Amino acid sequence: ESADAQRAIFDEYQQLENLQVVKPTEVEDWEEIRKKDPKARLVRGAMLIVQKNIEDEIRRKWKGRFVALGDKLRDVTGRIIREKLKHFAPSSMAAFRLGFFWELVTGGISIKGDTPGAHLIPWLSGPATYMEFDEETLPAHWRTEKSKKCRRPVRRAWKSCYGLQRAQTDWGRHCRKILLSKGCEPIYDYGEESIFLYSPSKERLPTLVI
């Protein structure tokens, strides 16, 4: 019941709202959706809450993460869906070693970067997918009069979400599209799809993007 833990949960729901993963007040009844859309999908979600950096009193903080239970993705009949999708595997240790080698050869430097909420950025591909939340944990403005009247209140997932089977595929396509639009060239002969070379001009050393 920590106030900081409750804030972390609220912030995670707020991120889903801000990034338009779901539209909180657009609530529908799953029992009605399954009658109208035979291709619709249903997935439950869970809010995970952990304390990070617990060994460091200064850096210690609560972190919330909403995760779709993608292994239990179901169709309108209740059957579990297993999809065959193209996945974009993260760079291997060998790829990172190649990066360090490139740094040494060119006299360059290594720079670390991250994309906050990466899997929440791409639009979700495939048939319409609806998420079922634990209504008691939702922020007050998510719980509308309609949601209280629905037998099984759900909200459509417009963007990808951690835990969905398509999350990694959609993020991989999104990331690859951006890198290619910036002039990065994929290095196919290394056997991976997560390494790109960026060489904007002859005056600047090429950059290895992993």
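Here are a few things to note about the model shown:
- Of the strands (runs of 3 or more DSSP E) lying entirely inside the range 1-91, those containing at least 3 residues that are within 19 Å of the chain's Cα centre (by Cα) and at negative phi are 41-52, 61-68.
- Within the range 75-84, no residue satisfies the criterion of being modelled with pLDDT under 95 and surrounded by 14 or more Cβ atoms within 10 Å (Cβ to Cβ).
- Tally, over the range 14-33, of residues that are over 18 Å from Lys146 (Cβ atoms) and either without any contact (Cβ under 8 Å) to a residue 12 or more places away in the chain or open to solvent by less than 30 Å² (accessible area, probe 1.4 Å) (or both): 3
- Positions within the range 35-80 being among the charged types (D, E, K, R) and closer than 18 Å to Glu136 by Cα, in sequence order: Arg44, Arg65
- Residue match in the range 16-33 (condition: among the basic types (Lys, Arg) and in contact with a Lys or Arg (Cβ under 6 Å, 6 or more places away or on another chain)): no
- The range 34-49 - residue that is more than 13 Å from Arg74 (Cα to Cα) and surrounded by 12 or more Cβ atoms within 10 Å (Cβ to Cβ) and, of those, modelled with the highest pLDDT: Asp37
- When we screen Arg65, Arg34, Arg79 for residues that are in contact with a Phe, Trp or Tyr (Cβ under 7 Å, 6 or more places away or on another chain) and over 15 Å from Ala157 (Cα atoms), the only hit is Arg65.
- Qualifying position, being among the aliphatic types (A, V, I, L, M) and more than 14 Å from Ala68 (Cα to Cα), among Leu120, Leu124, Leu164, Leu98: Leu98
- Matching residues in the range 133-144 - criterion: being more than 14 Å from Leu16 (Cβ to Cβ) and of a type outside the set (Ser, Thr, Tyr): Glu135, Glu136, Ala140, Arg143
- Condition met for Leu85 (under 13 Å from Arg166 (Cα atoms), hydrophobic (A, V, I, L, M, F, W, C) and in contact (Cβ under 8 Å) with a residue 60 or more places away in the chain): yes
- Residue within the range 57-74 that is open to solvent by less than 90 Å² (accessible area, probe 1.4 Å) and in contact with a Pro (Cβ under 7 Å, 6 or more places away or on another chain) present: no
The values are calculated or read from the model by the stated rules, or taken from the named source; none is laboratory data. Bear in mind the structure is a predicted one, so any value in this text is a computation, not a measurement. Note that each Cβ is placed from the backbone with ideal geometry, even for glycine, and that neighbours are counted across all protein chains shown. Only protein heavy atoms, including side chains, enter the accessible area calculation; ligands, DNA and RNA are left aside. Shrake-Rupley method; radii C 1.70, N 1.55, O 1.52, S 1.80 Å.
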